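*Asks:* Handing you this structure, nothing more for now.
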């Protein structure tokens, strides 16, 4: 008997179609609050569990954005992204607990390692890839001490020292937020096993993906896929929509992501873009019948996409569920329309399939 699948969506492109085609330095971080609010309410209607508020110099602050939107909504949860080098763990727990109190517990945490040394240095963070994960281990150890109900938290590590840490605002709805860890490297997997309830990772072909996630699943931690979605009533319509997206983009975004890849030290971003480039050279853009890499060179690694009819996508998600992948963080082009198509055509088929399987 498998677990009931859970579905989340990225808030990153609310109010902007194909935002990933634009260089980060050319994007505005000023949020369109009305567009964000419309997106949140659409997500609530579409039975999406939570929305990711991502982190980066080209975005609004994820905690502030989640707090503002949380006060204007009633059901949707916010998955707040955090890098361990940007804030003290005590202050972060205080922020998360405050949002929890204001929104009725509608907040969870997505720990990310960062993907570009150049951007990390802008924030004052000069650690290399593995050092950032080592520091995040210490960060989460301290956070979990607070969320675990310790009367005082003391910690003396390589990166953080906290002496008799105490907060007067607890996480008032439950024992603490659900913790997600993002990444495709062995360090990310180890961090998720130690601290998280779920590892977010980018999809890959079956022969490459399963060895990477097997240790996480065997530890009892869930695995979720960060993946884009293009679904229509028929496969022909879905393929036409995917092709139309590429035609709209043109060739210039490809240069944007090639340059980004040169600056990035993210295993997930680098390996997925390299895979897509190789597959395009071989005219083999499909890793499976529904998993397509064709948009990755133009929209970045998160553009690896599930493409297909409602029935094909529903069955693909159920098949993933049978192998242990139980959560999905989607993006779409444009997001709101794709989310509504998912709710209309895919989600009922998934829930019906789960009922037949006895999922809980």
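*Asks:* Inside region 159-198, can you point out the residues that are more than 30 Å from residue 214 (Cβ to Cβ) and assigned to a loop (DSSP other than H, G, I, E, B)?
*Replies:* Once the filter is applied, which keeps residues that are more than 30 Å from residue 214 (Cβ to Cβ) and assigned to a loop (DSSP other than H, G, I, E, B), region 159-198 yields 160, 166, 167, 168, 169, 170, 171, 172, 173.
*Asks:* Would you mind stating whether residue 216 is touching a helix residue (DSSP H, G or I) at 6+ places or on another chain (Cβ under 6 Å) and either crowded, with 23+ Cβ neighbours inside 10 Å or under 16 Å from residue 139 (Cβ atoms) (or both)?
*Replies:* no
*Asks:* Given the conditions (1) within 22 Å of residue 221 (Cα to Cα); (2) buried (at least 18 other Cβ atoms within 10 Å of the Cβ); (3) under 22 Å from the mean Cα position of the chain (by Cα), report the number of the one that residue 130 does not fulfil.
*Replies:* With (1) within 22 Å of residue 221 (Cα to Cα); (2) buried (at least 18 other Cβ atoms within 10 Å of the Cβ); (3) under 22 Å from the mean Cα position of the chain (by Cα) applied to residue 130, the lone miss is (2).
*Asks:* Let me ask another. Answer yes if at least one residue in region 22-43 is under 17 Å from residue 110 (Cα atoms) and surrounded by fewer than 21 Cβ atoms within 10 Å (Cβ to Cβ), and no otherwise.
*Replies:* No, region 22-43 has no match at all.
*Asks:* Just to be sure before I move on: is residue 65 surrounded by 17 or more Cβ atoms within 10 Å (Cβ to Cβ), touching a strand residue (DSSP E or B) at 6+ places or on another chain (Cβ under 9 Å) and not in a helix (DSSP H, G or I) in the structure I sent?
*Replies:* The answer is no for residue 65.
*Asks:* Which condition number does residue 73 fail, the rest of (1) assigned to a loop (DSSP other than H, G, I, E, B); (2) at pLDDT 95 or above; (3) under 19 Å from the mean Cα position of the chain (by Cα) being met?
*Replies:* (3)
*Asks:* Can I ask one more? Before we move on, is residue 245 touching a helix residue (DSSP H, G or I) at 6+ places or on another chain (Cβ under 9 Å), in a loop (DSSP other than H, G, I, E, B) and modelled with pLDDT of 75 or more?
*Replies:* no
*Asks:* Looking at region 121-139, is at least one residue out of contact with any helix residue (DSSP H, G or I) (no Cβ under 8 Å at 6 or more places or on another chain), modelled with pLDDT of 95 or more, in a strand (DSSP E or B) and within 23 Å of residue 186 (Cα to Cα)?
*Replies:* There is no residue in region 121-139 that is out of contact with any helix residue (DSSP H, G or I) (no Cβ under 8 Å at 6 or more places or on another chain), modelled with pLDDT of 95 or more, in a strand (DSSP E or B) and within 23 Å of residue 186 (Cα to Cα).
*Asks:* Out of all the residues in region 152-209, which are farther than 20 Å from residue 83 by Cβ, without any contact (Cβ under 8 Å) to a residue 60 or more places away in the chain and out of contact with any helix residue (DSSP H, G or I) (no Cβ under 8 Å at 6 or more places or on another chain)?
*Replies:* 152, 154, 156, 163, 164, 166, 168, 207, 208, 209
*Asks:* A follow-up question, please. Please work out if residue 316 is out of contact with any helix residue (DSSP H, G or I) (no Cβ under 8 Å at 6 or more places or on another chain) and surrounded by fewer than 24 Cβ atoms within 10 Å (Cβ to Cβ).
*Replies:* So residue 316 fits the description; yes.
*Asks:* With the checklist (1) in contact with a strand residue (DSSP E or B) (Cβ under 8 Å, 6 or more places away or on another chain); (2) modelled with pLDDT of 95 or more; (3) crowded, with 20+ Cβ neighbours inside 10 Å in hand, flag the one item residue 184 doesn't pass.
*Replies:* Every listed condition holds for residue 184 apart from (2).
*Asks:* Take the residues of region 327-337 that are surrounded by fewer than 21 Cβ atoms within 10 Å (Cβ to Cβ) and touching a residue at least 40 places away in the same chain (Cβ under 8 Å): which is farthest from residue 17 (Cα to Cα)?
*Replies:* Among residues in region 327-337 that are surrounded by fewer than 21 Cβ atoms within 10 Å (Cβ to Cβ) and touching a residue at least 40 places away in the same chain (Cβ under 8 Å), the one farthest from residue 17 (Cα to Cα) is 336.
*Asks:* Would you be able to tell me the number of residues in region 286-303 that are within 14 Å of residue 230 (Cβ to Cβ), in contact with a strand residue (DSSP E or B) (Cβ under 9 Å, 6 or more places away or on another chain) and either at pLDDT below 95 or surrounded by fewer than 20 Cβ atoms within 10 Å (Cβ to Cβ) (or both)?
*Replies:* Selection size over region 286-303: 9.
*Asks:* Being in contact with a helix residue (DSSP H, G or I) (Cβ under 6 Å, 6 or more places away or on another chain) and at pLDDT below 95 narrows it down to one of 81, 35, 23, so name that one.
*Replies:* 23
*Asks:* Now, a different point. Considering only region 149-163, state which residues are under 14 Å from residue 93 (Cα atoms) and modelled with pLDDT of 95 or more.
*Replies:* Correct list: 152, 153, 162.
*Asks:* If I filter region 266-284 for residues that are in contact with a helix residue (DSSP H, G or I) (Cβ under 6 Å, 6 or more places away or on another chain) and either modelled with pLDDT of 95 or more or in a loop (DSSP other than H, G, I, E, B) (or both), do I get at least one hit?
*Replies:* Checking region 266-284: not a single residue is in contact with a helix residue (DSSP H, G or I) (Cβ under 6 Å, 6 or more places away or on another chain) and either modelled with pLDDT of 95 or more or in a loop (DSSP other than H, G, I, E, B) (or both).
The values are calculated or read from the model by the stated rules, or taken from the named source; none is laboratory data. Every value quoted in this text rests on a predicted model; they were computed, and no experiment measured them. All Cβ positions, even for glycine, are placed from backbone atoms using ideal geometry, and neighbour counts span all protein chains on display.
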